[in-house]
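Scroll down for the structure; my scribbles are underneath it.
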Amino acid sequence: MDFPADILYHRLQDVLRSTALFLPEVLLSALFIVLVLVGLIFKSKNNLSTYITLAGLAATIPFLVEQWKYGLETETFLFNGMLRFSAMAVYFKFLFLGAAFIIVLFTSLSSFYKKASEVRYEYFLVLIASVIGLNLVVMSSNLLMLYLSLELVSIASYILVAIIADRKGAESGIKYFIYGIVSSALMLYGISFLYGMTGTLNLYHENFIERLILVDGWLLLLATMLFLSGLLFKVAAFPFHIWVPDVYEGAPIPVIAWLSSAPKAAGFAVLFILIPLLNAVFGASEVVVQNWNYYVAILAIFTIAIGNFAALKQTDVKRLLAYSSIAHAGFLLAGLSVGSELAFNSIVFYLSVYVFMNSAAFFMVEFLSGITGSTDVRNYRGLGYKIPFAGVIFVIVLIALTGLPPTAGFTAKLLLFSSVWEGVGTDTSGIMLFLLIFGLLNTVISLYYYLKIPYLMYFRKGDNNNNETIPGVGNYAFLVIVALPVLILFFKPDWLMNFIELLNFHL
């Protein structure tokens with residue numbers, strides 16, 4: 001069928017206009033291709049792949065800066081409504097880029113870097129593919145585009161987890177893949193329901209909310225929960241959290257640091273958009289609880305409880321941080337259940353700080369495993385005196401993850417709980433008050449498993465059987481880079497909040 005010339009002209013103009021606002025993704029795609037070609041030409045054992053990846057990531061920064069300036073003034077749809085360009089999307093793309101930069105440096109300093117000498121190019125190009133997928137996730141305005149973007153991130157994650165062909169990596173990769181395809185299938189099933197109900201896949205189409213309001217409340221609740229399963233899987237929230245401890249235990253530590261931060265941030269970025277839409281729909285639907293925030297609060301309570309209480313008995317630090325990651329997802333859901341301006345600001349601040357806290361924590365696990373030869377916390381006895389500087393940094397990071405001063409973790413939780421307290425005043429069900437009290441009590445509970453590590457490092461005598469190999473200067477420099485923002489943002493949180501507050505008009 002032939003299209004009229006004017007339609008073809010307007011579509012071509014839309015593609016050209018959209019491409020101009022899509023340059024960071026184009027550049028990352030070019031970096032992907034370059035890594036493929038260079039990997040075929042040169043041997044994988046050299047460090048060229050690391051330099052190329054870092055240079056490619058750095059080259060995207062100027063384009064993102066220009067997009068940030070433009071996004072503060074304009075919001076627009078790209079590629080015939082498939083993507084939505086906004087300041088919020090650009091901010092999260094900065095966050096993913098920074099996280100990727102940290103992970104590349106992390107990887108180059110880890111023992112995994114030597115083990116993966118034969119697959120370094122593959123590792124970095126899959127990481128770049130994951131970044132592209134995350135960028136598309138936070139820009140998606142079409143349900144099909146959102147699904148495909150999440151699948152790109154998921155497939156890249158499966159490969160990263162099992163990139164070293166050993167028993168643990170293969171087991172973790174298979175488990176991750178099985179849980180991932182189940183959540184993916186549920187999400188796709190939910191999308192099919194929503195499309196059948198509305199006749200559109202565009203979240204911003206005028207018919208999307210209007211037609212969902214006419215649907216039976218219980219059928220709408222079922223379709224929504226099926227659709228959200230893919231996002232809950234990404235953020236490691238109840239009931240899609242089961243994969244986390246097993247995958248974290250067997251995957252390379254740099255990969256875990258990536259999976260526990262960037263995809264989690266992308267999942268919450270999408271939820272920022274969905275929650276107001278769901279509140280509008282459920283507020284006019286005939287269902288038992290019309291406020292969608294009520295359901296989010298229930299998910300937050302279960303997620304916090306499972307993460308914190310399961311972490312109490314862990315002796316493997318990777319599993320401990322895995323359950324910690326689940327608990328943090330619960331705290332973020334607690335803020336999301338409020339849906340206020342303060343809550344959105346708090347969550348974005350929390351996610352931004354979490355990238356640094358999490359990277360520093362997992363790097364310390366890598367750092368100490370090079371000394372002890374394992375990730376068992378009981379082998380950390382007396383290490384605080386053997387590596388005093390790194391030990392102090394680890395204590396600071398653990399204090400930040402707990403949410404205590406003088407760290408940005410305290411500021412993040414203070415803002416988050418302040419937003420929940422704000423929600424208590426407008427809640428008639430009592431769920432927000434229970435969530436606030438429950439969250440505060442669980443913060444106290446988390447003190448036990450976080451501070452257990454510095455207790456063993458400083459107040460228990462070591463067995464002197466540790467490996468005498470002490471990590472080099474580069475490791476200490478990296479620790480300072482990722483830990484310093486955790487301290488600075490406690491004293492100067494407005495440096496970050498000033499940027500975040502600009503996003504409120506673009507949610």
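Observations
- Protection-proxy order for peptides 88-99, 373-384, each taking the mean of Cβ atoms within 10 Å per residue, highest first: 88-99, 373-384
- For the listed peptides 434-443, 477-486, 492-501, 295-304, a ranking on the average number of other beta carbons within 10 Å per residue, highest first, reads 295-304, 477-486, 434-443, 492-501.
- Checking the Cα-Cα distances for LYS93/LYS234; LYS318/LYS413; LYS168/LYS264; LYS264/LYS318; LYS168/LYS318; LYS313/LYS452 against a 19 Å cut-off, the pairs over it are LYS318/LYS413; LYS168/LYS264.
- Cα→Cβ-extended label distance, 7 Å offset, between SER374 and ALA30, nm: 5.0
- Theoretical gain in end-to-end length, VAL424 to LEU214 [0.36 nm per residue, Cα-Cα removed]: 72.6 nm
- Whole-percent P(r), the stretch 66-120, all Cα pairs, 5 Å bins from 0: 4, 17, 16, 15, 11, 9, 9, 11, 7, 1.
- When peptides 402-409, 57-64 are ranked by their average number of other Cβ atoms within 10 Å per residue, the highest-first order is 402-409, 57-64.
- Estimated [θ] at 222 nm from DSSP helical runs (n ≥ 4, -39500 (n - 2.57)) normalised by residues in the chain, nearest 500: -25000 deg cm²/dmol
- Helical segments meeting 30 Å axial Cα length and Kyte-Doolittle -1.0 threshold in the chain (DSSP H): 87-109, 167-198, 341-372, 431-459
- 19 Å reach of a label modelled at LEU12, 7 Å along Cα-to-Cβ, counting backbone N of the stretch 74-101: 79-80
Taken together, the values in this text are just the output of simple stated rules run on the coordinates, not laboratory data. As the structure is a computational prediction, the values presented were derived from the model and not from experiment. With ideal geometry, Cβ positions are generated from the backbone for all residues, glycine too; neighbour counts draw on all protein chains shown.
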